[in-house]
Structures are given as C-alpha cells and as structure tokens.
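Every number in this text was worked out from the coordinates using simple rules, so none of it is lab data. Keep in mind the model is a prediction, meaning the values are calculated, not measured. As a convention, Cβ positions derive from the backbone with ideal geometry for all residues, glycine included, and neighbour counts pool all protein chains shown.
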Amino acid sequence: MKKLWNQYSYAITLIILSCSLAFILSFQHHPKNQDDYVKVTISEGDTLWEISSQYTGQHSLSPDEFVSWVKKHNENISDQIFPGEEIIIPVSKKTSSSTTELASAPKE
C-alpha cells in the first residue's frame, strides 16, 4: 500500500482536491436571490396573461415580461396554450418567506 501511495500520491491528492472543490462550488453557485420555479398545469380557458395575474404577487415581472419568460423557458409554447399542458413559471423566494412579528408590536 505504501508503494502505491508513493507512486500515485500526487494524482490521488489532485483527485481528492478536485472533487472537494467541485462539491464546494456546487453549493456556492446558486445566488441567494435566485427565483424558484413552479410547474403549472393549464386548465380549460387559461391564458398566460391570466396566469401572470394569478401569480403577480409572487414574481417581479410585468405581464409582458412574464409571458416572454414563459415562452422562452418552456419548450413548444407559442401564443396558444392548451388544457393539460404543463409549464414552468417563475416564483420569487422573497414572497414565500413569512414575516416576523415583534413581541412588543400590538396585533391589529
């Protein structure tokens, strides 16, 4: 075993360091303000504009930007959507967090 270590110690050390670095960077790659995405199944009569208004409090896009984002990030989505299709929409993490109530603040 010692002979094996003496021959390949540099390669083994390099592999271990590379794996460790890749593991660490995979956690640091995601920014804190990254958007979450939700999969939505289209119902009869739904439009992208209506879906945008339903989730308007959960994303920071205008209706035009929302529709453009959905078309860009979903395959086979055109101006028409059909019941049963599943699309991915952006939902911001900031709105899903709960607010903290201070102990001295009176409840309204």
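What size of dipole, in debye to the nearest 20, comes out for segment 36-96 about its Cα centre when the only charges are +1 on Lys and Arg C-beta atoms and -1 on Asp and Glu C-beta atoms?
Dipole size: approximately 340 debye.
Report the calculated FRET efficiency for L25 and K71 (r = Cβ-Cβ distance, R0 = 22 Å), to the nearest 0.05.
0.10
Counting other Cβ atoms within 10 Å, keep those with at most 11, restrict to DSSP loop, and tell me which trypsin sites (Lys or Arg not before Pro) in segment 1-93 are left.
When the trypsin sites (Lys or Arg not before Pro) of segment 1-93 are filtered for loop state and at most 11 Cβ neighbours within 10 Å, K32 remain.
What FRET efficiency comes out for the pair D64/V38, r = Cβ-Cβ distance, R0 = 22 Å, nearest 0.05?
Rounded to the nearest 0.05, the efficiency is 0.65.
Once the convex hull of the C-alpha atoms of segment 36-96 is built, how many Å³ does it hold per residue, rounded to a whole number?
Roughly 75 Å³ of hull volume per residue.
Between H73, P63, V91, whose Cα lies farthest towards the positive end of the dipole of segment 36-96 when Lys and Arg beta carbons carry +1 and Asp and Glu beta carbons carry -1, centred on the Cα centre?
V91
Any idea what the relative contact order of segment 36-96 is, in percent, if you count C-alpha pairs under 8 Å spaced at least 6 apart?
In percent, rounded to a whole number, it is 60.
Mind checking the full-extension length gain between I12 and F82? Use 0.36 nm per residue of separation minus the Cα-Cα distance, one decimal, nm.
Full-extension gain reported as 19.8 nm.
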